[in-house]
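Please treat every number below as a calculation from the coordinates, not as lab data. Since this is a predicted model, take the numbers as computed values, not measurements. No Cβ is skipped: glycine too gets one built from the backbone with ideal geometry, and neighbour counts run over all protein chains shown.
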Amino acid sequence: MKKIIKNGTVVTAADTYFGDILIDDGVIVMIGVDLDAEDAEVVDASGCYVFPGGVDPHTHLDMPFGGTVTKDDFETGTIAAAYGGTTTIIDFCLTSKDAPLSKAVETWHAKSKGKAVIDYGFHLMIGDVNDDVLFELPQIIEEEGITSLKVFMAYKNVLQADDGTLFKTLLMAKEHGSLVMVHAENGDVIAYLIDKALEEGNTEPVYHALTRPPVLEGEATGRAANLTELADSQLYVVHVTCAEAVMKIAEARNKGLRVYGETCPQYLMLDQSYLEKPDFEGAKYVWSPPLREKWNQDVLWDALLNGQLQTVGSDQCSFDFKGQKELGLNDFSKIPNGGPMIEDRFSILYSEGAHKGRISLNKFVDVISTASAKLFGLFPKKGTIAIGSDADIVIFDPHAQRTISAETHHMNVDYNAFEGMQITGEPVSVLVRGEFIIRDKQFVGTPGYGQYLHRKRFNQPGKLPIKDKTAGGVF
Ligand code: URP
Ligand code: ZN
Ligand code: ZN
C-alpha cells in the first residue's frame, strides 16, 4: 500500500524543508507540498523531523571474539538498531586463515538470514593475502557486492595482519574498486606493553587504556596512510579516538589522498576515567582503541564539523558484564573488547551534536547516514530522502526528553555504557523500504524482513565505471 508522510520537516545532508513524501512499493516516488494520493495511508509527522534512516557502517553481531561471542545477534541487534533510528548496518564478516573466504561469507549469511529486521551488508576481513585470496576475492566483490576489506593492525596472534598484507590488500582494493578499512593501533608494541603491565602485577581494567596509548594509534594511522599513498589506493580508518590519529588523517587528506575516518559515540561522550570505576565496573568500558583523556572529545567533534572525519559508526560489539566481561576479572587483557552502542548512536549524535549546536542538522544526517552510504556503495538507494531512494525513514521527535538506561534499552546485554545520560530527541516511527519497523515507539517488524545489500564498488577518480555511475564517491 502507498503511504504519504505529511507535515514533517524533511532533513537530508543537503537540505531542510517542509514537505510530504509519497512512498509506493517501498520507494520514494514523489516529494512535494500538499501531496494527495487517494489510495495512500497518511502518516502524520507534525512537529517531527523526517530523516533518512541511519546507516551504521560498523557492527559486530554474533561474532566470536575474546574467548566468547558477542551477545547481540542479527535479530536482537537489528531490532535495537531500528528502535534507535538505524535502518542499514554493515557488519564485519570474520575470515580465518585456513578456510576459503567464501566459507566465511556463507557463515555470515547463515547468521543473518531470517533474523535481521533491517537491511544489512558485510565487510570482509583480510588476514592474509595468498594465492587463494587473490583468486577468490574478485569473485566475492562481483558476486556478493562486498566492496570493503578490513585489515586489523592490532590484536596480535588473533586478528592482526602484517604491513605486507595491508599493502597487498590496498593494491587489490585499487584494482577491484573497494575500500580498505583499518583498525589502526600498533599491535606489536601493545603486546609488549600488556606483557610488561601483567608482569608488574597491574591487572585492573584501566591498564587496558594505559597499555594502548594514543601515540600507537597515531603511528598506525600514519603508517596506513603512507601505504595508501604508495599504493595509490583508498583507506577508511575505523573508530578514531584521539588527536594523534585525527592529525594523520588530516595530513593525508590535505595531500589529496583518499583517506577517510570514522569515530563513534563512545569516544565523543566518554573518557578514560570510566575505566577506573571501582569493583571491576571499568570493564564495561573496555574496547579498542580505548577511551582517551577528555580533551580529545573536542578534537573529534571539530574533526566531524570540518570534514576531517566523515562518519560515525557504533562499533557495536556487546558483551554482558556478568559472565562475559568477567572473563578478565584477574587480567585486563582477558576482558572481551567491545561495547553495546548500536541503539544509541543516532540519538546521541542528534542530542549532543545537532541539538547542542556542535554540528548542523544537515551535518548530523551526513555523519549518521549519508556519508557512509556514499563511501560504502549504497547511495542513493540508502542514505538520503530522494525520488527513487528506498523509503528508509525516521520520524523523529526533537523535543522528547529521556534517560538512557539498560532498563529500557532493547539490546540483549546487561548494561548500557551511557547509563543515566539525559538526551533530547527520540525516533517515533522507523520505516524500512516503506514498511513500519517501529511504529509509535513499538516494534512491529519481522525477523527476516531485512535484505542483504549487494554494494557498489568504490568509485576512484578517473575510473568511473559506467554501470556503477552512482558508486561510492570521492569527497
Ligand atoms: O573493542 C572493539 N572495538 N571491539 C570490536 C572489534 C574492533 O576492534 O572493532
Ligand atoms: Zn577495531
Ligand atoms: Zn569494530
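Overview of results
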| item | result |
| --- | --- |
| Per-residue HN-Hα couplings for the range 85-99 [Karplus 6.51, -1.76, 1.60; θ = phi - 60°; Hz; x = Gly/Pro] | x, 9, 10, 9, 10, 10, 9, 8, 8, 7, 9, 10, 4, 9, 10 |
| Helix-only [θ]222 nm of the chain, DSSP H runs n ≥ 4, -39500 (n - 2.57) each, per residue, nearest 500 | -8000 deg cm²/dmol |
| Under-5 Å amide H pairs with H58, H placed in peptide plane, nonlocal only | I90, S314, D315 |
| Angle between the chain longest axis and helix 131-144 axis [Cα atoms, degrees, rounded to 10] | 10 degrees |
| Proximal charge balance of T68 [Cβ under 14 Å; K/R count +1, D/E count -1] | -2 |
| Dipole of the chain [Lys/Arg +1, Asp/Glu -1 at C-beta], most positive-end residue of L275, H399, I368 | I368 |
| Farthest toward positive dipole pole in the chain [+1 Lys/Arg, -1 Asp/Glu at C-beta], among P64, S233, P138 | S233 |
| Cα-centre dipole for the range 53-375 with unit charges at Cβ (Lys and Arg positive, Asp and Glu negative), debye to 20 | 640 debye |
| HN-Hα J in Hz across the range 158-173 - Karplus 6.51, -1.76, 1.60, θ = phi - 60°, x for Gly and Pro | 10, 10, 4, 10, 8, 5, x, 5, 4, 4, 5, 5, 4, 5, 4, 5 |
| Protection proxy ranking of 42-51, 311-320, 131-140 - average other beta-carbon atoms within 10 Å, highest first | 311-320, 42-51, 131-140 |
| Folded to 0 to 90 degrees: helix 296-305 orientation relative to the chain principal axis, Cα | 40 degrees |
| Under the Karplus curve 6.51 cos²θ - 1.76 cosθ + 1.60, θ = phi - 60°, whole-Hz ³J(HN,Hα) for the range 69-76, x wherever Gly or Pro sits | 10, 4, 6, 7, 9, 5, 7, 5 |
| Mean separation of Cα contacts under 8 Å (6+ apart) over length of the range 53-375, as relative contact order % | 20 percent |
| Too-long pairs where the Cα-Cα distance tops 31 Å, listed order kept, from K174/K363; K97/K334; K294/K441; K71/K277 | K294/K441 |
| Cut-off 13 Å between beta-carbons: net charge of the residues surrounding A13, Lys and Arg +1, Asp and Glu -1 | +1 |
| Shape call, the range 53-375: gyration tensor on alpha carbons, a/c limit 1.5 | rounded |
| Positive-pole candidate from W295, G127, T76, dipole of the range 53-375, charges at beta carbon | W295 |
| DSSP bridge pairs, the range 53-375: antiparallel proportion in percent, nearest 5 | 5 percent |
| Cleavage-rule hits (chymotrypsin sites (Phe, Trp or Tyr not before Pro)) in the range 181-269: DSSP loop, at most 13 neighbouring Cβ within 10 angstrom | none |
| The range 224-272 shape via C-alpha gyration tensor axes, a/c threshold 1.5 | prolate |
